[in-house]
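Notes follow the structure.
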Amino acid sequence: MRLDKFLKVSRIIKRRSIAKEIADQGRILVNDRPAKSSTKVVTGDTLTIKFGNKTEVVKINRIVETTKKSEAEDMYEIIDKKYAENFD
């Protein structure tokens, strides 16, 4: 599945267009490598996402094409969450 679609379906990022924009800015790493929005992700991949001063590391547990809001959190697990004091 494409990275931008996974982020939307899993509800890590609410809109696919926003997920595409963040990925294309180089703010998302897949397995510690810079990723574009079209990068394919599979179960077991680790995503590092930079949201302003927050950096979140998540592991993909499963991939499904569509999901209910209540089941979206089962698609990934949060490994680490860090907050920076500045936006560098």
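The values are calculated or read from the model by the stated rules, or taken from the named source; none is laboratory data. For clarity, every value in this text was computed on a predicted model and none was experimentally measured. In this analysis, Cβ positions are derived from the backbone assuming ideal geometry, glycine residues included, and neighbour counts consider all displayed protein chains. The accessibility values were calculated without ligands, DNA or RNA, using every heavy atom of the protein model including side chains. Shrake-Rupley method; radii C 1.70, N 1.55, O 1.52, S 1.80 Å.
Each residue of the stretch 31-36 is assigned a 3J(HN,Hα), and the resulting list reads 6, 6, 10, x, 10, 8 Hz, derived from the Karplus form 6.51 cos²θ - 1.76 cosθ + 1.60 (θ = phi - 60°), x at Gly and Pro.
Computed about its Cα centre, the charge dipole of the chain is approximately 380 debye, with only Lys, Arg, Asp and Glu carrying charge at their Cβ.
Relative contact order of the chain, taken over Cα pairs closer than 8 Å and 6 or more residues apart, is 25 percent.
Please work out the average accessible area per residue across the chain, using the 1.4 Å probe convention, and give it in Å². Kindly include the intermediate steps, with their values, before the conclusion.
Values: 5660 Å² over 88 residues.
Using a 1.4 Å probe on heavy atoms only, each residue of the chain averages 64 Å².
Here the Karplus relation 6.51 cos²θ - 1.76 cosθ + 1.60, evaluated at θ = phi - 60°, turns the backbone of the stretch 7-19 into coupling constants of 4, 6, 4, 7, 6, 5, 10, 5, 10, 5, 5, 5, 4 Hz, with x for every Gly and Pro. Give the residue from V30, I18, F51 lying farthest towards the positive end of the charge dipole for the stretch 1-78; charges sit on Cβ (+1 for Lys and Arg, -1 for Asp and Glu) and the dipole is referred to the Cα centre. About the Cα centre, the residue reaching furthest to the positive side is I18. Using a cut-off of 19 Å between Cα atoms, the listed pairs K5/K36; K8/K59; K50/K81; K8/K82 include K8/K82 as exceeding that distance. Rg and Dmax, both from the Cα atoms of the chain and both in Å, are 12.1, 37.
Show that you can apply the helix-only estimate: for the chain, add -39,500 (n - 2.57) for every DSSP H stretch of four or more residues, divide by all residues, and state [θ] at 222 nm to the nearest 500. Rounded to the nearest 500, the figure is -5000 deg cm²/dmol.
Using a 1.4 Å probe on the protein chains only, how many percent of the accessible area of the chain belongs to carbon and sulfur?
Numbers: 2610 of 5660 Å².
Carbon-and-sulfur percentage of accessible area, whole number: 46.
Summarising the amide proton neighbourhood of D45: residues at separation of 5 or more, or on other chains, whose placed amide H is nearer than 5 Å comprise I60. Shown here for the stretch 44-88: trypsin sites (Lys or Arg not before Pro) in loop regions (DSSP other than H, G, I, E, B) with at most 14 other Cβ atoms within 10 Å, namely R62, K68.
Between A35 and I28, V30, the built amide H atoms are under 5 Å apart, and every one of these is 5 or more places off in sequence or on another chain.
Please go through the chain and write out the GluC sites (Glu not before Pro) that DSSP classes as loop and that have at most 14 other C-beta atoms within 10 Å.
Working: sites: E21, E56, E65, E71, E73, E77, E85; in loops: E65, E85.
Sites meeting the loop and neighbour criteria: E65, E85.
Couplings 3J(HN,Hα) of the stretch 41-49, computed from phi: 10, 10, 4, x, 5, 10, 10, 10, 10 Hz, in residue order, whole Hz [Karplus 6.51 cos²θ - 1.76 cosθ + 1.60, θ = phi - 60°; x for Gly and Pro].
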